[in-house]
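Undergrad: Take this structure, written in structure tokens, and hold onto it; I'll ask about it next.
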Amino acid sequence: MPLQKYGNWRLFEIMAPMLHDWDNFYVTTGAASASLIGLLFVVVTLGAGFSSSDALIGARAFLTPTLVHFGSVLLLSLAALAPFASPWPAAVILCLCGLSGLAYLTRVIAARRKIDFVALSWADWVPYGGVPALANVCLIVGAAGLIAEKSFAPGVIAGAAALFLSCGVYGAWDLTLWVIVNGRKR
């Protein structure tokens, strides 16, 4: 496999499209997710006056998964932009992120089904369960494509980032509305 030289780093040609053709996308999504993580802490501060049992249940079911979605975008962006000498380290990071994300998602879905203070409709399960599952599968497929040097890999990984970002925004919006509605009840 021919190598190309970029500065002091020697990269396989398969990494060039990800690092050089998609770098603006990953910089933008990484910065957006980091900013949204900061705004999530503002929402948490606004909801700090709720009773501890409601706050703990809500945090486990809604806040933490939203934070994980934004954190996944940040980690994915960092892995995509890191100047690895081969595609393997980025692929391993992305695959492990996808596999652990699927395992975590099953735990989150089980926790959300037990919640009694909010009723989720079937339409809510699409962004809370289906879209994150699709994003994690995209990470795994993208990692496999990266190792196999397939041209679809960077696009699939970018799609996973967009899906995670969308899930995070949806979760943050729901959480913000919940804080506003429950803040009025106090």
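The values are calculated or read from the model by the stated rules, or taken from the named source; none is laboratory data. All of these numbers come straight from a predicted model, not from anything done at the bench. Methodologically, a virtual Cβ is constructed for each residue, glycine included, from the backbone with ideal geometry; neighbour enumeration extends over all protein chains shown.
Undergrad: Evaluate the stretch 101-110: report whether one residue or more is in contact (Cβ under 8 Å) with a residue 60 or more places away in the chain, assigned to a helix (DSSP H, G or I) and closer than 20 Å to Gly30 by Cβ.
TA: So in the stretch 101-110, the residues in contact (Cβ under 8 Å) with a residue 60 or more places away in the chain come out as none.
The answer is no; no qualifying residue exists.
Undergrad: Considering only the stretch 17-37, I want to know if a residue exists there that is at pLDDT below 65 and in contact with a helix residue (DSSP H, G or I) (Cβ under 6 Å, 6 or more places away or on another chain).
TA: As a first pass, look at the stretch 17-37 and keep what is at pLDDT below 65: 17-20.
Subset that is in contact with a helix residue (DSSP H, G or I) (Cβ under 6 Å, 6 or more places away or on another chain): 17-18.
There is at least one residue in the stretch 17-37 that is at pLDDT below 65 and in contact with a helix residue (DSSP H, G or I) (Cβ under 6 Å, 6 or more places away or on another chain).
Undergrad: Within the stretch 52-91, take every residue that is at pLDDT below 85 and either among the charged types (D, E, K, R) or not in a helix (DSSP H, G or I) (or both) and give me the one that is surrounded by the most Cβ atoms within 10 Å (Cβ to Cβ).
TA: Within the stretch 52-91, the match that is surrounded by the most Cβ atoms within 10 Å (Cβ to Cβ) is Phe84.
Undergrad: If only one of Ser151, Ser166, Ser77, Ser86 is within 22 Å of Phe41 (Cβ to Cβ), polar (S, T, N, Q) and touching a residue at least 60 places away in the same chain (Cβ under 8 Å), which one is it?
TA: Details: Ser151 fails: within 22 Å of Phe41 (Cβ to Cβ); Ser166 fails: touching a residue at least 60 places away in the same chain (Cβ under 8 Å); Ser86 fails: within 22 Å of Phe41 (Cβ to Cβ).
Sole residue among the options that is within 22 Å of Phe41 (Cβ to Cβ), polar (S, T, N, Q) and touching a residue at least 60 places away in the same chain (Cβ under 8 Å): Ser77.
Undergrad: Within the stretch 124-155, can you find the residues that are closer than 16 Å to Leu102 by Cβ, aliphatic (A, V, I, L, M) and in contact with a Gly (Cβ under 6 Å, 6 or more places away or on another chain)?
TA: Hits for the stretch 124-155 are Leu139, Ile140.
Undergrad: Mind telling me which of the residues Leu11, Leu3 ends up being surrounded by 19 or more Cβ atoms within 10 Å (Cβ to Cβ), at pLDDT below 85, over 19 Å from Asn136 (Cβ atoms) and hydrophobic (A, V, I, L, M, F, W, C)? Talk me through it step by step, then tell me what you get.
TA: On the way: Leu3 fails: surrounded by 19 or more Cβ atoms within 10 Å (Cβ to Cβ).
The unique qualifying residue is Leu11.
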